[in-house]
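The values are calculated or read from the model by the stated rules, or taken from the named source; none is laboratory data. Owing to the predicted nature of the structure, the values given are computational and were not obtained by experimental measurement. Quick reminder, even Gly has a Cβ in these numbers, built from the backbone with ideal geometry, and neighbours come from all protein chains shown. Accessible surface areas use protein heavy atoms only, side chains included; no ligands, DNA or RNA. Shrake-Rupley method; radii C 1.70, N 1.55, O 1.52, S 1.80 Å.
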Amino acid sequence: MAENDSNLEEELSFSPSNIWEDIEEEEHDEIFDFADDYSEFLTTAKTERKSVEEAEQILRENGFKSISEYGELEEGDKVYIINRNKSLAAAVIGKEDLTKGCNIVASHVDAPRLDLKARPLYEDKEASMALLQTHYYGGIKKYQWVNTPLAIHGKVVKEDGTPIEISIGEDPEDPIFVISDLLPHLAKKKQGERKMKKVIKGEELNILIAGIPIDDEDVESKLKTKVLKLLNDEYDIKEEDLTSAELEIVPAGKTRDVGLDRSMVGGYAHDDRVCAYTSLRALLDIDSPEKTSLIIFFDKEEIGSEGNTGANSEFVDSIYSNLLKKYKDRYTMQDRREMLDNSKALSGDVSPGINPSFKGVHDLQNAATFGKGIVITKFTGSGGKYSANDAHAEYVALVRRIFNENNILWQTSELGKVDEGGGGTVAKFLANLNIDVVDIGIPLLGMHSPFEVISKADLYHLFKGYRSFLEVE
Ligand code: MN
Ligand code: MN
């Protein structure tokens, strides 16, 4: 009797299994090789601009061309579109007419960080230091960004339009930068009574940049002027040029293996470059799909998908118009409408994995676990599903079938316990265009911190899952 009961349980119940258990040697190797490629990408792609730049290079190496290089588009063509160096779309044109829609995987390549203010540089005479003021971007726990090595990446655009690339802190020979926290000996009163959000305040995120004053009797601000002189010598810029710049402060250093068994990858900005990279690699494997396969990298997800490079813009409409323009001699509004209506999307974004020391925030039955594969998140949002896309059951069924048919392990997740907190992704902006969409990502620990962690097994199944979806008929 007992035996029959357990078979019945196996037959009727759903419990996601662990990829590492019962794994073939071949898949084990594929998982580790894929993770090495990904780690290299993540180390290089430290900003949204660099992510787009790296992706473009990988696309070109694999036969993709910019849409401007095509006279017309036809079946099998591999094409990409870049928007202001910050968002990107890449497609393999399918056998079916474009109006039959695209299979889309959309993710975001911006990540929480510290930006420099427009007038960042100042000197502190008492401390005898020059510092840079920052303004944080996205939802960070500010205390995590102190006492950790930081790099500066970005672009200064001079008045005449000349771009100056700046990238300091990744080469082991480079200097790095740091925000110094208060020592524990003197922190008891000053920080001890502050709440978590204010342990470090926004205005306290000042970056140490120099300490040697300029050797010039006539100069008033000797430390500040020294920094300006160094910048001028190296990059031919003046203080005013920093007002038209985007300089991003991010964790310095490489993506690393985590754990004795090296089963995890730790680094900055898995959220959401892990979904961007896996979707890119998936697209490279596709040659002649039935429907057009399309991946999109958005910018500005972390600040609400605003701006003309974010998902809440007409960038998707622009992608569709531009593809149609090169595909048909004359296309109509109705063609574009049908192309949107018939499209299907996965919103690629990460989910919180169960944190072993803070299990209380999760409903464990509805939380994502490392090693159990892709996470299907039917809805995000907060409270009573406020601001959520909440994918339709019919659509989740389709996605589930695609994964099951391709032996891709998956699990489901809610962001946390009901009423514990909340958040959102780009899903709802694709849904606004009448595209069916559901959130598909992997679990992650330390989200929005300078060092986030994922499982290599989940990473590989995410890649396979995106590939199966992109080429589905
Ligand atoms: Mn995020
Ligand atoms: Mn994200």
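Hey, any idea what the orientation-averaged projected area of the convex hull of region 382-466's Cα atoms comes to, in nm²? Write down the numbers at each step before the final one.
On the way: hull surface 26.0 nm².
Result: a mean projected hull area of 6.5 nm².
Let's test this: bin the Cα-Cα distances of the chain at 10 Å from zero up to the farthest pair and state each bin's percent.
4, 19, 28, 24, 15, 7, 2, 0, 0, 0
As a test of the formula, what do you get for the chain when each DSSP H run with n ≥ 4 contributes -39,500 (n - 2.57) and the sum is divided by the residue count, at 222 nm and rounded to the nearest 500 deg cm²/dmol?
Calculated from helices alone, the mean residue ellipticity at 222 nm is -8500 deg cm²/dmol.
Treating only the Cβ of Lys, Arg, Asp and Glu as charged (+1, +1, -1, -1), what charge dipole size does region 113-251 show about its Cα centre? Round to the nearest 20 debye.
On the way: 21 positive and 28 negative charges, 301 e Å.
For region 113-251, the charge dipole is close to 1440 debye.
Of all the C-alpha pairs in region 289-352, what % are more than 19 Å from each other?
Working: 825 of 2016 pairs.
Counting every Cα pair in region 289-352, those more than 19 Å apart make up 41 percent.
Which log10 I(q)/I(0) values, to two decimals, does region 310-397 give at q = 0.14, 0.15, 0.24 Å⁻¹ under the Debye formula with one point per Cα?
The calculated log intensity ratios at q = 0.14, 0.15, 0.24 Å⁻¹ are -0.72, -0.79, -1.29.
Using only the alpha-carbon atoms, how far is helix 2-12 inclined from the longest principal axis of the chain? Give it as 0 to 90 degrees, nearest 10.
Around 70 degrees separate the two axes.
Between residue 182 and residue 359, what is the label-to-label distance in nm when each label sits 7 Å out along the Cα-to-Cβ direction?
3.6 nm
Between residue 165 and residue 246, how many nm apart are label points set 7 Å from Cα along the C-beta direction?
Label-label distance for residue 165 and residue 246, simple model: 1.5 nm.
How long are the three semi-axes of the equivalent ellipsoid for region 318-473, computed from the Cα gyration tensor as the root of 5 times each eigenvalue, in whole Å, largest first? Please report the intermediate quantities before stating the final value.
Details: eigenvalues 193, 63, 39 Å².
Its equivalent ellipsoid spans semi-axes of 31, 18, 14 Å.
Placing +1 at every Lys and Arg Cβ and -1 at every Asp and Glu Cβ, with all other atoms neutral, what dipole size does the chain have around its Cα centre, in debye to the nearest 20? The partial results should precede the final answer.
Working: 56 positive and 89 negative charges, 380 e Å.
Computed charge dipole of the chain: roughly 1820 debye.
Lys and Arg at +1, Asp and Glu at -1: add these up for the other residues within a Cβ distance under 12 Å of residue 48 and post the number. Don't jump to the answer; show the numbers that get you there.
Numbers: positive: 46, 49, 50, 84, 86, 113, 155, 273, 300; negative: 53, 54, 110, 115, 246, 248, 272, 299, 301, 302.
My count for the surroundings of residue 48 gives -1.
Per residue, how many Å² of accessible area does region 250-387 show with a 1.4 Å probe?
It amounts to 41 Å² per residue over region 250-387.
Angle, helix 315-327 long axis vs. longest principal axis of the chain, Cα atoms, 0 to 90°, nearest 10?
That helix lies at roughly 60 degrees to the long axis.
Alpha carbon centre of region 124-185 versus region 319-344: separation in Å?
When both Cα centres are located, 44 Å separates them.
Of all alpha-carbon pairs in region 113-251, indicate the percentage at a distance above 27 angstrom.
Values: 2320 of 9591 pairs.
In whole percent, the long-distance tail amounts to 24.
Can you give the angle from 0 to 90° between the axis of helix 456-470 and the longest principal axis of the chain, with both taken from C-alpha atoms, to the nearest 10?
60 degrees
Can you give the local net charge around residue 344? Use residues other than it whose beta-carbon is closer than 9 angstrom to its beta-carbon, Lys and Arg +1, Asp and Glu -1. Please list the in-between numbers first.
Working: positive: 291; negative: 436.
In short, 0.
Less than 12 Å Cβ to Cβ from residue 358, Lys/Arg counted +1 and Asp/Glu -1: what total charge do the surrounding residues give?
Details: positive: 359, 417; negative: 420.
My count for the surroundings of residue 358 gives +1.
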